[in-house]
Amino acid sequence: MTGRVLHVVVPGDLDTKTGGYGYDRQIIHGLHSRGWNVVLTGLPGHYPFPSAAECAAATTALAAIPDGSLVLVDGLALGALPVEVARERERLHLVALVHHPLGLETGLNADTSRLLLDSERRALACVRGVVVTSSRTTSAVESLGVARERVMVVEPGTDAAPDARGSGTGARHLLCVASLTPRKGHDTLFDALAEMLDLDWHLTCVGSAGRDSAHAARLTARASTAPLCERVTLAGELAGPALAAAWDAADLFVLPTHYEGYGMVVAEALAHALPVVSTATGAVPELIGANAGVLVPPGDAAALHALLRTLMTDDVRFARLRAGARAARATLPSWDEACARMEAALMRTFAA
């Protein structure tokens with residue numbers, strides 16, 4: 001492949017603060033460093049529900065990519081563009097990057113879920129290979145008609161980080177880093193914590209309110225009224241020193257998510273040597289292992305309440321999990337390793 005040129009197609013703004021976009025940014029940067037010429041194409045629109053005009057814009061953008069090019073298309077766009085992708089399947093070497101199937105997003109009604117899964121099934125039939133970010137996503141992609149031999153796993157890397165120093169007080173400082181969307185389970189966390197006002201704790205939620213404004217408004221209203229108003233901070237979207245400070249002040253990371261393709265933010269918590277409370281989805285069970293955290297069923301506020309109460313009152317168990325998180329950090333792959341695997345996957349697809 002002369003010059004190792006890769007076209008990357010993403011919906012919206014590549015700088016969006018989510019795990020999926022963070023993955024895309026790191027892979028693009030890493031491939032640049034490995035000598036690839038990466039050409040970014042952004043698709044304006046509201047994905048995965050683009051308008052007719054936004055689909056037309058996607059058609060124009062794809063048509064502008066030179067014949068025979070290797071093209072990696074983020075699944076948030078690809079799954080919503082089956083007709084547009086089908087037009088290019090013979091002309092371009094299309095590879096899908098699937099973080100998680102669109103129709104499995106929490107909060108969708110049954111009809112919308114079926115429509116998205118059907119749309120993604122038709123789009124995936126047009127690509128030459130599929131990259132997924134977790135081995136657990138492989139079976140979900142297979143259920144959409146993709147043969148296992150066409151699926152390649154490229155798990156995210158993790159940046160090195162210092163140990164979080166914690167709150168420095170007797171109160172446990174909980175941190176949740178996630179967009180305010182139904183899938184992330186903030187409502188379950190609020191339910192669990194509302195029954196723990198006899199203990200000393202504070203929760204900081206970092207994440208955008210713009211992904212689902214109606215759901216975010218409900219969470220904001222609940223966090224700003226009794227009994228949570230003095231215990232919960234919705235910090236919004238943070239980056240740079242402000243985000244680093246939020247990590248540093250935390251004692252415990254909590255992500256009661258309903259579904260993850262991988263769980264990059266869990267890996268980030270471990271990089272800060274923070275114990276994790278989450279659910280058995282994506283790569284989360286493998287990341288935390290037996291000693292770095294504890295899992296509860298998604299949506300089970302009672303189980304989450306019982307576990308958090310234990311961790312706030314049992315210093316020995318908490319210290320054991322903190323040591324486990326510090327040990328788990330050493331097992332996390334780097335972004336350089338992730339980019340090497342992506343390079344191998346792309347070369348394999350192009351040669352097929």
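The values are calculated or read from the model by the stated rules, or taken from the named source; none is laboratory data. What you are looking at is a predicted structure, and each value in this text was computed from that prediction instead of being measured. Glycine gets a Cβ as well: all are built from the backbone with ideal geometry, and neighbour counts include every protein chain shown.
Kindly check whether there is at least one residue in region 196-212 that is at positive phi, over 23 Å from the mean Cα position of the chain (by Cα) and not in a helix (DSSP H, G or I). Within region 196-212, not a single residue is at positive phi, over 23 Å from the mean Cα position of the chain (by Cα) and not in a helix (DSSP H, G or I). Can you name the residue in region 178-219 that is among the hydroxyl-bearing types (Ser, Thr, Tyr) and out of contact with any Pro (no Cβ under 6 Å at 6 or more places or on another chain) and, of all such residues, is surrounded by the fewest Cβ atoms within 10 Å (Cβ to Cβ)? Looking at residues that are among the hydroxyl-bearing types (Ser, Thr, Tyr) and out of contact with any Pro (no Cβ under 6 Å at 6 or more places or on another chain), I get Ser213.
When Ala267 is tested against (1) touching a residue at least 24 places away in the same chain (Cβ under 8 Å); (2) loosely packed, with under 14 Cβ neighbours inside 10 Å, only condition (2) is not met.
Among the residues in region 141-164, are any basic (Lys, Arg), surrounded by fewer than 23 Cβ atoms within 10 Å (Cβ to Cβ), more than 18 Å from Leu228 (Cβ to Cβ) and not assigned by TED's automatic domain parsing to the domain that holds Gly30? No: region 141-164 contains no residue that is basic (Lys, Arg), surrounded by fewer than 23 Cβ atoms within 10 Å (Cβ to Cβ), more than 18 Å from Leu228 (Cβ to Cβ) and not assigned by TED's automatic domain parsing to the domain that holds Gly30.
Residue count for region 201-237 satisfying the condition of being farther than 22 Å from Gly107 by Cα and touching a residue at least 60 places away in the same chain (Cβ under 8 Å): 1. Checking the stated criteria, Leu94 turns out not to satisfy the condition of being at negative phi, assigned to a helix (DSSP H, G or I) and crowded, with 22+ Cβ neighbours inside 10 Å. Sub-6 Å Cβ pairs linking a first residue in region 107-125 that is farther than 26 Å from Leu92 by Cα to a second residue that is hydrophobic (A, V, I, L, M, F, W, C) and surrounded by fewer than 17 Cβ atoms within 10 Å (Cβ to Cβ), at least 6 apart or interchain, number zero. Of all the listed residues (Glu268, Glu230, Glu286), the sole one being within 26 Å of Pro333 (Cβ to Cβ) and either at pLDDT below 95 or in the same structural domain as Leu76 (by TED's automatic domain parsing) (or both) is Glu286.
Close contacts from region 305-317, counting a first residue that is over 13 Å from Gly293 (Cβ atoms) and a second that is part of a helix (DSSP H, G or I) and modelled with pLDDT of 95 or more, with Cβ to Cβ under 6 Å and a gap of 6+ residues or different chains, come to His305/Ala192. Is it fair to say Ala273 is under 24 Å from Ala328 (Cβ atoms), more than 16 Å from the chain's Cα centre (by Cα) and surrounded by fewer than 22 Cβ atoms within 10 Å (Cβ to Cβ)? Judged against the criteria, Ala273 is a match. Tell me yes or no: at least one residue of region 165-177 is crowded, with 22+ Cβ neighbours inside 10 Å and assigned to a loop (DSSP other than H, G, I, E, B). Scanning region 165-177, I find no residue that is crowded, with 22+ Cβ neighbours inside 10 Å and assigned to a loop (DSSP other than H, G, I, E, B), so the answer is no. Put simply, of Ala244, Ala235 the only residue that is surrounded by 14 or more Cβ atoms within 10 Å (Cβ to Cβ), outside any loop (DSSP other than H, G, I, E, B) and either out of contact with any strand residue (DSSP E or B) (no Cβ under 6 Å at 6 or more places or on another chain) or at pLDDT below 95 (or both) is Ala244. Right, Ala328: in contact with a helix residue (DSSP H, G or I) (Cβ under 6 Å, 6 or more places away or on another chain), surrounded by 18 or more Cβ atoms within 10 Å (Cβ to Cβ) and in contact (Cβ under 8 Å) with a residue 24 or more places away in the chain or not? For Ala328, the condition - in contact with a helix residue (DSSP H, G or I) (Cβ under 6 Å, 6 or more places away or on another chain), surrounded by 18 or more Cβ atoms within 10 Å (Cβ to Cβ) and in contact (Cβ under 8 Å) with a residue 24 or more places away in the chain - is met.
The residue of region 98-157 that is nearest to the chain's Cα centre (by Cα), among those that are of a type in the set (Lys, Arg) and part of a helix (DSSP H, G or I), is Arg136. The one condition from (1) modelled with pLDDT of 95 or more; (2) touching a His at 6+ places or on another chain (Cβ under 8 Å) that Asp187 does not meet is (2).
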